[in-house]
Amino acid sequence: MPVRKAIVTAAIGLHARPAAVFVRAVTETGLPVTISKAGIDAVDARSLLEVMTADFDCGCEVELGVTEAALPAGRSVVEAESALLGLAELLESQKAG
């Protein structure tokens, strides 16, 4: 399973606008990305409601993942790894406040 860790740097965490920007980017990948952190089960990163209610605060380390079995037909693990890298960079580039 491709996995990438990142630190949430948005001052308000993944709430409101930062969450919307992140979810939009996930949706654009076309991949079934999940996001989790210690103590919180993975949620569907394509769902704004799930991301906002999961309590991903500023400074927390999250894990982004894509299960190989869930990859859409014609999509590769390499593509998933590349997408996760881009999403991690997005999370770490949002304004820290």
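The values are calculated or read from the model by the stated rules, or taken from the named source; none is laboratory data. Here the structure is a predicted model, which means the values were calculated and not measured. Cβ coordinates were reconstructed from backbone atoms using ideal geometry, including for glycine residues, and neighbour counts include every protein chain displayed. Only protein heavy atoms, including side chains, enter the accessible area calculation; ligands, DNA and RNA are left aside. Shrake-Rupley method; radii C 1.70, N 1.55, O 1.52, S 1.80 Å.
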Next item on the list: Translational diffusion coefficient, Stokes-Einstein: compute it for region 1-49 using the Kirkwood radius over C-alpha pairs as Rh, at 20 °C and 1.002 mPa s, and state it as an integer in µm² s⁻¹.
Entry: 186
Notebook entry, point to check: Per residue, what accessible area does the chain have, given a 1.4 Å probe and all protein chains present, in Å²?
Noted result: 52
Checklist line | For the chain, size of Cβ-based charge dipole, Lys and Arg +1, Asp and Glu -1, in debye | finding: 240
Notebook entry, point to check: Can you tell which of 3, 67, 16 lies farthest toward the positive end of the dipole of the chain, using +1 and -1 charges on the Cβ of basic and acidic side chains (Lys, Arg; Asp, Glu)?
Noted result: 16
Checklist line | FRET efficiency, 1/(1 + (r/R0)^6) with R0 25 Å, evaluated for residue 11 and residue 38 via beta carbons | finding: 0.75
Item checked: Probe 1.4 Å - accessible area at residue 4, Å² to nearest ten -> 90
Check: Average projected area of the Cα convex hull of region 8-82, in nm²?
Finding: 4.8
Notebook entry, point to check: How large is the helix-only mean residue ellipticity at 222 nm for the chain, computed as the sum of -39500 (n - 2.57) over DSSP H runs with n ≥ 4, divided by its residue count, in deg cm²/dmol to the nearest 500?
Noted result: -12000 deg cm²/dmol
Next item on the list: Take the solvent-accessible surface of the protein heavy atoms, probe 1.4 Å, and return the percent of it on region 13-97 that carbon and sulfur atoms account for.
Entry: 54
Margin query: Which residue fluctuates most in the GNM of the chain (Cα springs below 10 Å): 72, 18, 32?
Written below: 72
